[in-house]
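What follows is a single structure, written as structure tokens, with notes after it.
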Amino acid sequence: ILPLMSNIAFHKNVLDENLINYIKKYMVDNKASKKWQTSMSWPEFIRRKSTVVSVLSLDDNKKICKELRKIYNKLIPETKKMGMEVNYNLWPPLSYIPFHDDNHKQVASTIYLNKDWNVDWGGLFLYYEDEQIKTFFPSYNTCIINNNKVLHGTSLTTMDAINRETIQVFFYERNGVK
């Protein structure tokens with residue numbers, strides 16, 4: 001638990017455009033690789049009836065991880081000594097994440113990579129705060145950081161939505177507990 005960090009924070013223009021382009025190229029270059037996994041391996045309470053989400057681990061790409069580590073060290077200094085897990089997710093139409101907390105990690109973060117997103121496509125970030133459900137529009141190159149106490153999820157993406165692209169970054173204690 002990070003006592004110095006607020007429960008949720010939003011940061012705009014968090015990644016350099018060159019890094020975004022590099023990540024997207026890495027994804028395209030690895031489209032046919034066996035590095036891809038799916039949300040089918042997620043616990044049932046997370047995947048529920050969502051359309052299957054494609055997940056590409058970025059953990060083996062030293063350049064991406066090094067750049068993200070530098071960014072997060074500035075945003076959340078408490079994470080400097082923590083382990084980091086990074087995934088590129090493709091969220092197809094009719095996908096979502098039900099409300100949950102990330103109590104298996106210390107810090108969770110999402111970076112949105114779609115330059116164009118229509119509010120009518122859904123896929124909005126939802127979270128509980130002050131006994132209310134609040135909404136955040138998934139703006140390009142915006143980062144949401146939450147500690148493991150925040151109940152959050154996303155609204156369902158619509159049938160006519162394009163694939164939503166995100167980077168998920170999780171931080172965990174290095175003592176083997178994730």
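The values are calculated or read from the model by the stated rules, or taken from the named source; none is laboratory data. In this text, all values refer to a predicted model and were calculated from it rather than measured experimentally. Reconstructed Cβ throughout: ideal geometry from the backbone, glycine too, with neighbour counts over all protein chains shown. Ligands, DNA and RNA are stripped out before the accessible areas are found, and what is left, the full protein with its side chains, is counted by its heavy atoms. Shrake-Rupley method; radii C 1.70, N 1.55, O 1.52, S 1.80 Å.
Checking the condition under 27 Å from ASN73 (Cα atoms) and of a type in the set (Lys, Arg), which residue from LYS25, LYS34, LYS49 passes? I'd like the intermediate steps shown before the answer.
On the way: LYS34 fails: under 27 Å from ASN73 (Cα atoms); LYS49 fails: under 27 Å from ASN73 (Cα atoms).
Exactly one of LYS25, LYS34, LYS49 is under 27 Å from ASN73 (Cα atoms) and of a type in the set (Lys, Arg), namely LYS25.
Within the stretch 107-138, count every residue that is in contact with a Pro (Cβ under 7 Å, 6 or more places away or on another chain) and open to solvent by 60 Å² or more (accessible area, probe 1.4 Å).
0
State whether one or more residues within the stretch 55-78 are closer than 20 Å to TRP117 by Cα, surrounded by 17 or more Cβ atoms within 10 Å (Cβ to Cβ) and more than 16 Å from the chain's Cα centre (by Cα).
Among the residues of the stretch 55-78, not one is closer than 20 Å to TRP117 by Cα, surrounded by 17 or more Cβ atoms within 10 Å (Cβ to Cβ) and more than 16 Å from the chain's Cα centre (by Cα), which makes the answer no.
Testing ILE133 on (1) more than 16 Å from VAL169 (Cβ to Cβ); (2) outside any strand (DSSP E or B); (3) more than 16 Å from the chain's Cα centre (by Cα), one condition comes back false. Which one is that?
Here ILE133 clears every test but (2).
Working only within the stretch 139-164, note down all residues that are under 23 Å from LEU68 (Cα atoms), assigned to a loop (DSSP other than H, G, I, E, B) and open to solvent by less than 20 Å² (accessible area, probe 1.4 Å).
Once the filter is applied, which keeps residues that are under 23 Å from LEU68 (Cα atoms), assigned to a loop (DSSP other than H, G, I, E, B) and open to solvent by less than 20 Å² (accessible area, probe 1.4 Å), the stretch 139-164 yields ASN141, THR142, ASN148, VAL150.
Determine the pairs where a residue that is touching a residue at least 60 places away in the same chain (Cβ under 8 Å), located within the stretch 120-139, has a partner that is open to solvent by 40 Å² or more (accessible area, probe 1.4 Å) and assigned to a loop (DSSP other than H, G, I, E, B) with Cβ atoms under 9 Å apart, the partner being 6 or more residues away or on another chain.
TYR127/ASN7; TYR127/PHE99; TYR127/LEU151; GLU129/ASN7; SER139/LYS12
Which one is surrounded by the most Cβ atoms within 10 Å (Cβ to Cβ), of the residues in the stretch 27-51 that are in contact with a Phe, Trp or Tyr (Cβ under 8 Å, 6 or more places away or on another chain) and closer than 24 Å to ILE64 by Cα?
MET27
Applying the selection to the stretch 69-114, what residues are modelled with pLDDT under 95 and acidic (Asp, Glu)?
GLU78, ASP101, ASP102
When residues of the stretch 10-34 are filtered for being under 18 Å from the mean Cα position of the chain (by Cα) and closer than 21 Å to SER95 by Cα, how many remain?
So the count comes out to 2.
THR110 is checked against (1) assigned to a loop (DSSP other than H, G, I, E, B); (2) under 18 Å from ARG47 (Cβ atoms) and fails just one. What number does that condition carry?
It fails just one condition, (1).
Name the pairs: first residue in the stretch 83-106 and open to solvent by 10 Å² or more (accessible area, probe 1.4 Å), second residue of a type in the set (Lys, Arg) and not in a strand (DSSP E or B), Cβ to Cβ under 6 Å, at least 6 apart or on different chains?
PRO98/ARG48; HIS104/LYS178
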